[in-house]
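Report on the structure given below.
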Amino acid sequence: MANVNVNTTPRRSINGGQFKLTGATDTYIVQNYIDEGWLEWSPVMRERIPLKDRGQYSATAILEGDDIIGQVTLKVKGANLQGSSSLYALLTAAGATGNAKVYASAIVDIPDYRGASTGERLTFTSIWLAEPPRTSAGREHDEITYVLNYLSGPAPASY
């Protein structure tokens, strides 16, 4: 088998990356006031269950268990908390009929380099606020951290 180089194109999402949240009729774009470390995510996958037989773990029989919900953590500089242009108001809004507000998708665009019109796009679908936002008062700017769960993704593609 030939050697295959992997992980050869590093990305830097701080070079103009953005987060798009798609609602029923509108798309909300977060592209301002983000810092290094602004985004963390873990994929939807199945849990891994090591198989143990007579006190020993099997190196070859790692079972797939139940589905695990994916999670995105989004950190932004604090901005307005009220009104139609407020990420805080959008994400903490109540859903219909007593359910949490679920957005159709969230898209993360990561440009190839600063100023590039091409890059990689990650799409997360069926996404909602998982826990109350956390606010920290900073010396320069306040920061708000949003933790969101999602049911599918990320689906990577070029743009």
Considering only residues that are among the aliphatic types (A, V, I, L, M) and in a loop (DSSP other than H, G, I, E, B), look in segment 31-77 and name the one that is farthest from residue 104 (Cα to Cα).
34
Taking residue 81, is it among the aliphatic types (A, V, I, L, M), touching a helix residue (DSSP H, G or I) at 6+ places or on another chain (Cβ under 9 Å) and loosely packed, with under 15 Cβ neighbours inside 10 Å?
yes
Using beta carbons and a limit of 8 Å, which pairs, at least six apart or on different chains, have the first residue in segment 36-64 and under 30 Å from residue 13 (Cβ atoms) and the second one of a type in the set (D, E, K, R) and loosely packed, with under 10 Cβ neighbours inside 10 Å?
46/66; 47/66
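Mind checking which strands (runs of 3 or more DSSP E) fall wholly inside segment 80-159 and carry at least 1 residues that are small (Gly, Ala, Ser) and farther than 14 Å from residue 19 by Cα? Break it down stepwise before answering.
On the way: elements: 103-111, 119-129, 134-136, 143-158.
Once the strands (runs of 3 or more DSSP E) in segment 80-159 are filtered for at least 1 residues that are small (Gly, Ala, Ser) and farther than 14 Å from residue 19 by Cα, what remains is 119-129, 134-136, 143-158.
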Please enumerate the residues belonging to segment 16-30 that are among the polar types (S, T, N, Q), free of Cβ contacts under 8 Å to residues at least 24 places away in the same chain and either part of a strand (DSSP E or B) or under 19 Å from residue 140 (Cα atoms) (or both).
27
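Bear in mind these aren't lab numbers, they're just calculated from the coordinates by the rules spelled out. These numbers were taken from a predicted model, which means no experiment stands behind them. Here the Cβ is made from the backbone with ideal geometry for all residues, glycine too, and neighbour counts use every protein chain on show.
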